[in-house]
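Student: I have a structure here, written as structure tokens, and I will follow up with some questions on it.
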Amino acid sequence: MLKWKELYDECVNCHKCALGNTRINMVFGDGNSKADIIFIGEAPGADEDRTGIPFVGRAGQFLTKYLEELNLYRNKDYYICNICKCRPEKNRTPYEEEAKTCLQYVRNQVALVKPKIIVCLGATAMRYILGTDWRITRDRGKWVERKGFYMTTTFHPSAILRDPNKNQLFLEDLKAINKKYKEISA
């Protein structure tokens with residue numbers, strides 16, 4: 001397992017897949033590196049690629065707003081990152097080889113953060129963290145305990161922006177995550 005600086009340096013210099021050749025910035029992760037909650041998304045978008053910070057675009061602002069309404073703050077309560085550290089062109093879903101290449105980095109981040117709760121944001125993160133037998137619509141909001149982590153999945157915030165009918169379900173999931181966080185923090 002690499003330490004934070006070693007891991008960051010390896011990611012920033014990574015060209016193990018084609019995404020490393022087309023990125024503006026590698027998007028590592030952000031937030032409290034000792035948080036009890038880690039949110040894992042799919043891959044950076046254009047705003048993230050430009051800034052090098054995850055979840056700062058429209059979907060990230062949407063997620064941040066809801067989390068702050070629940071008194072969950074990035075610099076205090078959670079760490080956030082993506083399966084892929086580089087933006088796929090036109091925000092496409094990462095190819096399997098791209099995701100699998102970066103998965104080692106995500107696992108290293110989880111090992112360093114040592115969260116109690118892992119939240120998969122969207123189907124891509126869910127697939128690589130929870131497994132291919134999970135389905136986002138069917139299984140969102142369900143909890144499983146694995147290797148000492150409480151794990152769940154919910155819609156990616158960009159999915160809510162595309163389909164506002166999922167908004168209430170998303171909010172219910174975030175409230176359940178907050179409830180679990182309070183339970184384990186007590």
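Student: If you go through region 172-186 one residue at a time, how many are closer than 21 Å to P54 by Cβ and touching a residue at least 60 places away in the same chain (Cβ under 8 Å)?
Tutor: 4
Student: Of everything in region 55-73, what is assigned to a loop (DSSP other than H, G, I, E, B), surrounded by 18 or more Cβ atoms within 10 Å (Cβ to Cβ) and not β-branched (V, I, T)? Give them in sequence order.
Tutor: Residues satisfying the conditions are F55, G57, L72.
Student: Sticking with this one: If the requirement is being under 20 Å from G52 (Cα atoms) and crowded, with 20+ Cβ neighbours inside 10 Å, which of these qualifies: N108, N82, N91?
Tutor: N82
Student: Of the numbered conditions (1) farther than 21 Å from E68 by Cβ; (2) surrounded by fewer than 17 Cβ atoms within 10 Å (Cβ to Cβ), E172 satisfies every one except a single condition; which is it?
Tutor: All conditions pass for E172, except number (1).
Student: In region 123-156, which residues are without any contact (Cβ under 8 Å) to a residue 40 or more places away in the chain, out of contact with any Ser or Thr (no Cβ under 9 Å at 6 or more places or on another chain) and not polar (S, T, N, Q)?
Tutor: Answer for region 123-156, where residues must be without any contact (Cβ under 8 Å) to a residue 40 or more places away in the chain, out of contact with any Ser or Thr (no Cβ under 9 Å at 6 or more places or on another chain) and not polar (S, T, N, Q): R127, G131, D133, R135, R138, E145, R146, K147, G148, F149, Y150, M151.
Student: Restricting region 147-169 to residues that are modelled with pLDDT of 95 or more and under 20 Å from K116 (Cβ atoms), which is surrounded by the fewest Cβ atoms within 10 Å (Cβ to Cβ)?
Tutor: Among those that are modelled with pLDDT of 95 or more and under 20 Å from K116 (Cβ atoms), it is F149.
Student: Same structure, new question: Please go through region 3-34 and pick out each residue that is among the aliphatic types (A, V, I, L, M) and touching a helix residue (DSSP H, G or I) at 6+ places or on another chain (Cβ under 6 Å).
Tutor: Listed by number, the residues that qualify are L7, L19, I24, M26, V27.
Student: Right, here's the next one. What residue, among those in region 8-54 that are outside any loop (DSSP other than H, G, I, E, B) and among the hydrophobic types (A, V, I, L, M, F, W, C), is farthest from Y95 (Cα to Cα)?
Tutor: I37
Student: Being touching an Asp or Glu at 6+ places or on another chain (Cβ under 9 Å) and of a type outside the set (S, T, Y) is the filter here, so list the residues in region 94-107 that pass it.
Tutor: P94, A99
Student: Of all residues in region 125-146, how many are buried (at least 22 other Cβ atoms within 10 Å of the Cβ) and either small (G, A, S) or touching a Gly at 6+ places or on another chain (Cβ under 8 Å) (or both)?
Tutor: Total satisfying the criteria: 1.
Student: Of a type in the set (S, T, Y) and within 19 Å of L70 (Cβ to Cβ): does that describe Y150?
Tutor: Considered against the rule, which asks whether it is of a type in the set (S, T, Y) and within 19 Å of L70 (Cβ to Cβ), Y150 comes out as yes.
The values are calculated or read from the model by the stated rules, or taken from the named source; none is laboratory data. Source: prediction; values computed, not measured. In this analysis, Cβ positions are derived from the backbone assuming ideal geometry, glycine residues included, and neighbour counts consider all displayed protein chains.
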